[in-house]
Every structure is written in C-alpha cells, then in structure tokens.
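Report on the following structure.
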Amino acid sequence: MHPCLSIVIPLYNEDESLPELMEWIARVCNEHNYSYEVIMIDDGSTDNSWNVVKELMKQYPAIRGIRFQRNYGKSPALYMGFKAAMGDVVITMDADLQDSPDEIPELYRMITEEGYDLVSGWKKVRYDNALTKNLPSKLYNGVNRAITGIKLHDMNCGLKAYKRKVIKSIEVYGEMHRFIPVLAKHAGFKKIGEKVVQHRARKYGTSKFGWERFINGFLDLLTIQFTSRFGKKPMHFFGVLGAFTFFTGLLFVVMLVIDKIRFGDAVGLTNKPAFYIALTSMIMGTLFFLSGFLAELIVRNAADRNHYIVEEDTTK
Ligand code: UDP
Ligand code: MG
C-alpha cells in the first residue's frame, strides 16, 4: 500500500525551521485525511538539523529521513527523495518555511482531479531581496520561457506537485533542480501548469544560493536544451557544424588556388587573410568531427542508451 501523498523536503542547515514546518504539514494533512509520508533529506547539514529530524521521527511516524555524508546540493537531495517517494502525488517544498503547507490541498487537487502531470508554484508576490533575487529572477524566467517554450513564471519555485510517474521518469542531477519542468517536458509529459502560491520571508537561517545561480542556471539551460535534442545522436550536431566549417575552409583554398593559377608567384599565399581563414576553418571542422565521433562512442557505451518511458505496453 502506498500513501496518496509524499512530501519531499531537501534541507541544509535548517534546524530552527523544521519543528514548525512539520507541525504545520501534519495539521494540513490530518485536516484533509491524507495518507502521507514526509521524506526529509538532510543534505550534509553542519548544524543540529539531523538530530532535529530524528527527534521529529519519534513524534511523527510519517517522517522518513535520509542523511547525506556531506553537502551535495539541492538536486542530489531531491534525487534521493524522488527515489524513495511512494505516494501517488509527490510534492516538494523548501524546508525554510518560505513555502506554505496550506498550498498542499489545492496542489493535490490539481494533480488528482484536473489531471495535471506537474504543477509549479508561482511566487507572484515575493519576499526576497528585490535587487539580488526578484528582479534577476523575472528576467531569467523570461529567457527560460523563450528558450524552452514552457510558459511558467517561476520555474525554480521549490514548491511543486507531480504525478508519481513524472518523478520516476526523470533524473535530477548536478543543479538541474531549476529545470525539472523542462526535464518533464522532454520526457513527454504535456500537462504542466502553475498555481500562484503564498511566499513568506525567511524566518530562520540564511539563503544557500547567491547571484551565481543565474550564471550557472543559464549554462545548465543551454546544456539541457542541447542534450535533449542531440543527447542520443551527437554526431547530428557536430557533423553538421564540422562539415560546414570544413567546407568553408575548403572554399577559401579553392579561391587561393585560382588566384595562384591566375597570378602565379606575383602574389604571396601566406600574406592573405584567406589563407588563415582556410587554415583555421579546416582545422576547426576536423576537430568538430572528432568531437562528434568521441561523443558517439560515449553515447554508445552509456548505460541508459536504451532507456525509454513507455506509456502503455499490452505485450505482457
Ligand atoms: N538546500 C539543500 N542543499 C543545498 C542548498 C539548499 O538541500 O546545498 C535546501 C535548503 O535547505 C532549502 C531549499 O534547498 O530547503 C532552498 O534553499 P534556499 O531557501 O536557501 O533557497 P532560496 O529560497 O534562497 O532560493
Ligand atoms: Mg528559501
């Protein structure tokens, strides 16, 4: 028997928030008669968080705890939580009390009754630093929407709800927690929605992410778009790029040869820009091709090269 609801909470140095958070979650879940589990992943906290989790486990049997040996990051913590989750609906939330457990029932309803695969929270009114977080975040989400085509206002909101199949089909790693909706879309889940959620100022502790999140996030976005398109056939990318660059170089060689035939030794070959363009283009083109072959070798040996998500299989 699995519970109808799993709540996954990654936490890093949040000991002060945990008791209040858990009490609130339990109150909401009991009011709505959910059978639920709360999976707390202590991401190598250096404060008293793990002891607090263990104390809370005595008080609330619904809690299951995982502790990392060191700090790996929010994505690895979510990965472990998703692996352990057994509920039909899985909800993630931050541990710092910035997300409100009062949102759980409506998120749950949208998944179970309205048939959403994924519902992302949208902190429409936000209680973080305006200059370092709110403004860049707006810009960043705009770029995100343009590149991925997913119309979400707050892609990186920690409060999200999923059908179980979604989180079992995707693999969050590195810092990809910012792009779970993109991963879900690439896995073929279409019904992705959002819900305006209440946001609260951080009551205890400090934020774990600074401005570098936007640079790293943008690089990860490029990676994710690249791997989803060419991850299984890298040569289709490197081959086209390599051929184009190489033949551009070759064109310049032909030009140089024609000049040589027409004017003979009167013009030096190596003091023309065309010579250097030809040289670099042909070398770069060859390197692109080589990268493509290497990438193909890696894909060929990847353990998940034949990993597909099946919607229905009636052959069994
Ligand atoms: N977190 C984590 N590992 C980390 C950094 C953060 O598990 O290495 C957790 C953190 O404890 C919190 C959530 O991720 O529950 C969001 O972090 P934070 O509140 O610092 O982010 P912000 O609200 O500032 O975006
Ligand atoms: Mg926070």
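The values are calculated or read from the model by the stated rules, or taken from the named source; none is laboratory data. Predicted model, so just to flag it, every value in this text is computed and none were measured. Cβ sites come from the backbone with ideal geometry, for glycine too, and all protein chains shown count toward neighbours.
K233 meets all of the listed conditions (1) more than 16 Å from ligand 2 (Cβ to nearest atom); (2) under 30 Å from E106 (Cα atoms); (3) assigned to a loop (DSSP other than H, G, I, E, B) but one, namely (2).
Scanning segment 176-222 for residues that are closer than 18 Å to D99 by Cα, within 16 Å of ligand 2 (Cβ to nearest atom) and of a type outside the set (K, R) returns H177, V197, Q198, H199, A201, Y204, G205, T206, S207, F209. Residue selection: E103 fails the criterion of being modelled with pLDDT of 95 or more, away from ligand 1 (no atom under 11 Å from the Cβ) and assigned to a loop (DSSP other than H, G, I, E, B). What are the residues in segment 116-149 that are surrounded by fewer than 17 Cβ atoms within 10 Å (Cβ to Cβ), in contact with a Phe, Trp or Tyr (Cβ under 9 Å, 6 or more places away or on another chain) and over 27 Å from Y204 (Cβ atoms), if any? If the condition is that a residue be surrounded by fewer than 17 Cβ atoms within 10 Å (Cβ to Cβ), in contact with a Phe, Trp or Tyr (Cβ under 9 Å, 6 or more places away or on another chain) and over 27 Å from Y204 (Cβ atoms), then L139, V143 are the ones that fit.
When segment 156-168 is filtered for residues that are assigned to a loop (DSSP other than H, G, I, E, B) and either at pLDDT 95 or above or more than 16 Å from ligand 2 (Cβ to nearest atom) (or both), the ones remaining, listed by number, are C157, G158, L159. Figure legend. Inter-residue proximity from segment 36-62: first residues touching a residue at least 40 places away in the same chain (Cβ under 8 Å), second residues within 16 Å of ligand 2 (Cβ to nearest atom) and assigned to a helix (DSSP H, G or I), beta-carbon distance below 6 Å, spacing 6+ or different chains. Indicated pairs: I41/A77. Against the definition (within 16 Å of ligand 2 (Cβ to nearest atom), assigned to a helix (DSSP H, G or I), at negative phi and among the small types (G, A, S)), how does S75 come out, yes or no? Spelling it out, S75 is indeed within 16 Å of ligand 2 (Cβ to nearest atom), assigned to a helix (DSSP H, G or I), at negative phi and among the small types (G, A, S). Scanning segment 1-53 for residues that are part of a loop (DSSP other than H, G, I, E, B) and small (G, A, S) yields S17, S35, G44, S45. Filtering segment 92-116 to residues that are hydrophobic (A, V, I, L, M, F, W, C) and within 16 Å of ligand 2 (Cβ to nearest atom) leaves M93, A95, L97.
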